[in-house]
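Heads up, the thing below is written out as structure tokens.
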Amino acid sequence: MAVAVLGGPTAAAIVPLLGTFELREFRREVPWWGVLYNHTFVVLPAVLAGVVLKSFGTEISSPEMLVAVFVAGTLFFLVTESLTAVAVAVRDDRPFLAVLEGDVRSYGLTMVGLTPIAWLMALAYVFIGPLVAFVFALPLYTTRAAIKAVVAIRNMFPQPVRALASAIDAR
């Protein structure tokens, strides 16, 4: 979303397209239709959000841009969630609306609520420069490393973890 704020729809297409490639796609561990869906799933909503942002045409530091980002972020979420719900509904043979409703209830408000962060990231980039990326990336990296450590411990000691989980459930 921050890329769409800074560079418009074209940048919003290029960055997610290139940024979502994985090594397993090059090793052909993912079927071609999965690769196509995964990239479309990210690029299409980003381009639509970029078009919405461009239509507002305001200065990045203006309050109108924050409104534009909120509108574009909501659209981004709705399109992304709809594409996901279609894929899950087809794959799991579940009703589309049930999947969509469950996902929106689970994390919809959270995802839409994160859209002002994209505006803040773009604003910080404009006023501070490219090094601001580290300010936003460091907390994400430390969270990822912490979760990876928890998963590693869980995999090393499955019996004690199950016993602790059972004891907690028994309460």
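The values are calculated or read from the model by the stated rules, or taken from the named source; none is laboratory data. Worth saying up front: this structure is predicted, and the values here are computed from it rather than measured. So basically every Cβ, Gly included, is an ideal-geometry build from the backbone, and we count neighbours across all protein chains shown. What goes into the accessible areas is simple: the full protein's heavy atoms, side chains included, and nothing from ligands, DNA or RNA. Shrake-Rupley method; radii C 1.70, N 1.55, O 1.52, S 1.80 Å.
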Residue within the range 129-141 that is open to solvent by 90 Å² or more (accessible area, probe 1.4 Å) and under 20 Å from Pro45 (Cβ atoms) present: no
Matching residues, the range 26-57, being at pLDDT 85 or above, surrounded by fewer than 17 Cβ atoms within 10 Å (Cβ to Cβ) and among the small types (Gly, Ala, Ser): Ser55
Meets criteria (in a loop (DSSP other than H, G, I, E, B), farther than 18 Å from Pro45 by Cα, over 19 Å from the mean Cα position of the chain (by Cα) and without any contact (Cβ under 8 Å) to a residue 40 or more places away in the chain) for Arg154: no
Test: residue in the range 105-123 that is in contact (Cβ under 8 Å) with a residue 60 or more places away in the chain and of a type outside the set (A, V, I, L, M, F, W, C): yes
